[in-house]
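Trainee: Structure below; questions to follow.
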Amino acid sequence: MNDQSPSFSAQVNEDFLWDDLHPGKLDLLPLSGDRYHLIYQSRNYIAQLLEVDYQNKRFAIRIDGSRFDVQLNDEYDQLVKRLGLHVQAGLKVSEIKAPMPGLVLEVSVKEGEAVAEGQTLLILEAMKMENVIKAPAAATIKAVNAQKGEAVEKGFVLIDME
């Protein structure tokens, strides 16, 4: 393992913190669809990816029948936290774009609706996984550009906000 590799921390179920995780310490191999083979500290696990929120670096996984909600923080996130800065303070969002190509399974908001930070906007299925797209900040829905059952490409503007 290279000592120069980036480190991550992972907050699990909001009460357990793994510090100084390096990609070289984990062996993760895709199996099929949403299942992965994970080797950590010489132990084997089968992990199922349940939910993905790439924008906020949040993931829900199931290992041995137990659900784990994981918040990943890279070196930048860790530095911001140590300095006491808040990246999203005063964040103004105008568009929610598809983080990957997929199929819109559900649209949870409508034009003119006020939404809170973290509120579910829609669910996008990609690679047999349901990806919950949430509001990164409080806003008002200006336009919903995707409908249930519609296939969208990466970067497609799903929702306009103001």
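Trainee: Take segment 28-57 and flag every residue that is among the hydroxyl-bearing types (Ser, Thr, Tyr) and within 19 Å of the chain's Cα centre (by Cα).
Mentor: TYR36, TYR54
Trainee: Test LEU105 against the criterion of being at pLDDT 90 or above and either of a type in the set (Phe, Trp, Tyr) or not in a loop (DSSP other than H, G, I, E, B) (or both), and give yes or no.
Mentor: yes
Trainee: Same structure again: May I ask you to list the residues in segment 124-143 that are surrounded by fewer than 19 Cβ atoms within 10 Å (Cβ to Cβ), over 17 Å from the mean Cα position of the chain (by Cα) and either assigned to a strand (DSSP E or B) or among the acidic types (Asp, Glu) (or both)?
Mentor: THR140, LYS142, ALA143
Trainee: Does LEU121 qualify as being under 15 Å from the mean Cα position of the chain (by Cα) and either of a type outside the set (Lys, Arg) or outside any strand (DSSP E or B) (or both)?
Mentor: Judged against the criteria, LEU121 is a match.
Trainee: Let me ask you something else. Please specify each residue of segment 129-147 satisfying the condition of being more than 11 Å from LYS110 (Cα to Cα) and among the polar types (S, T, N, Q).
Mentor: The answer is ASN131, and nothing else.
Trainee: Next up: Would you call PRO99 closer than 28 Å to GLY155 by Cβ, at pLDDT below 70 and not hydrophobic (A, V, I, L, M, F, W, C)?
Mentor: Against the criterion (closer than 28 Å to GLY155 by Cβ, at pLDDT below 70 and not hydrophobic (A, V, I, L, M, F, W, C)), PRO99 does not qualify.
Trainee: A follow-up question, please. Looking at the structure I just gave you, is VAL144 touching a strand residue (DSSP E or B) at 6+ places or on another chain (Cβ under 6 Å) and closer than 18 Å to ASN56 by Cβ?
Mentor: no
Trainee: Across segment 151-162, what is the number of residues that are surrounded by 14 or more Cβ atoms within 10 Å (Cβ to Cβ) and under 18 Å from GLU125 (Cβ atoms)?
Mentor: Counting residues in segment 151-162 that are surrounded by 14 or more Cβ atoms within 10 Å (Cβ to Cβ) and under 18 Å from GLU125 (Cβ atoms) gives 4.
Trainee: Looking at GLU162, GLU117, GLU113, which one is over 20 Å from LYS57 (Cα atoms), of a type outside the set (A, V, I, L, M) and at pLDDT below 90?
Mentor: Step by step, each of GLU162, GLU117, GLU113 is checked, and only GLU162 is over 20 Å from LYS57 (Cα atoms), of a type outside the set (A, V, I, L, M) and at pLDDT below 90.
The values are calculated or read from the model by the stated rules, or taken from the named source; none is laboratory data. Note that the structure is a prediction, hence the values are computed from the model and not measured. Because the Cβ atoms are built from the backbone with ideal geometry, glycine has one as well, and the counts that use them run over all protein chains shown.
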